[in-house]
Structures are given as C-alpha cells and as structure tokens.
C-alpha cells in the first residue's frame, strides 16, 4: 500500500512538472525567433543574417539577439566616433570639413551613449523605450550621412560607410525591439 501511495505521489509530481514546463514554454515561446524571420524585415538581409549568426553565444532568444546587436552597434558607433574625431583633428585648416566632422563626432557620441542606456534598459526588461532609442540613433546617423546641417559637405572619407553600418545595426535592433514590444 505504501508503494502505491509513493507511485501516486510521483505520478502527481510528474504531472505538475509537465504542466509547469508547458507554462514556462508558453511564456517564453514568443521570445524566441528565427534569425531569418528577423532578417526578412531588414533592408539588407545578408548583412542582418551575417550579424545575427555571428553571435558567439548562438542564443536565439530576442533579448540575447538584442544585446548582441547593441554590442556590435556600440563597437561600430565607437569606430565611427574615433574616425570622426581623427577627421576633426586633421581638418582644422578646412572650416567646412571641420564643421561637418565635428557634427558627426557629436552625433556618434550621442549614439554611443544611447546604446549604453538601451543596454541597461534591455537587461532590466524595460522594453518600452527601445523604439525611441532606435529612432534617435537613426536620426543621429542621418544627421551625419545626409550632412544637411549645418552644411552639405561631400565627404571623401570612410565615415559615410561607417555611418551606414551603424544605421544597419540600428535597423536590425529596431526589428528585434518591435518583437520585444509585442512579447
């Protein structure tokens, strides 16, 4: 009789465990997404796929992909900032170039700061501001690439290419942020 009681208890615990695991699976199911699903929405599918598939952790949950995208975006924005700072120093004799590169430098400083804040919010599961961060990043990139303010400057450097990469990072982050906002 004692064996039957233990068997019933084990059966009940197994059932509870299965129900618990199913609940956990349903709660987190919408937080996992296929990289191709994200990249279908990107302007440059191959860039997106290469970026997200290069995640060394190979995690496919949205938060991990977002954190990785922010990390790469931070590296790329820092590289653009360093290049723009170098170009500012080299262009002190050319007022137009100096002004243009100074504006870009300020924009990339802002982007680096925005990405730091986005990372903190992401880690604390505060997803509501992520789309605003992306919008601000893309505005700052546009300020530099379009060079409409304060002057139009035909930039012969690699800075527009660096800025375009930061913009692509931001676009991918935007897609992931939209999924997180729905989760």
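Nothing in this text is a laboratory measurement; each read-out follows from the coordinates by a stated rule. As the structure is a prediction and not an experimental result, all values here were calculated from the model. So basically every Cβ, Gly included, is an ideal-geometry build from the backbone, and we count neighbours across all protein chains shown.
What FRET efficiency do you get for residue 37 and residue 158 if R0 is 22 Å and r is their Cβ-Cβ distance, rounded to the nearest 0.05?
Plugging the Cβ-Cβ distance into 1/(1 + (r/R0)^6) gives 0.10.
How big is segment 112-183 by Rg and Dmax over its Cα atoms, in Å?
Taking only Cα atoms of segment 112-183, I get Rg and Dmax of 13.9, 43 Å.
Using a ≥ b ≥ c from the Cα gyration tensor of segment 31-182 (square roots of the eigenvalues), is it rounded, prolate or oblate, where a/c under 1.5 gives rounded and otherwise the larger of a/b and b/c decides, a/b for prolate?
prolate
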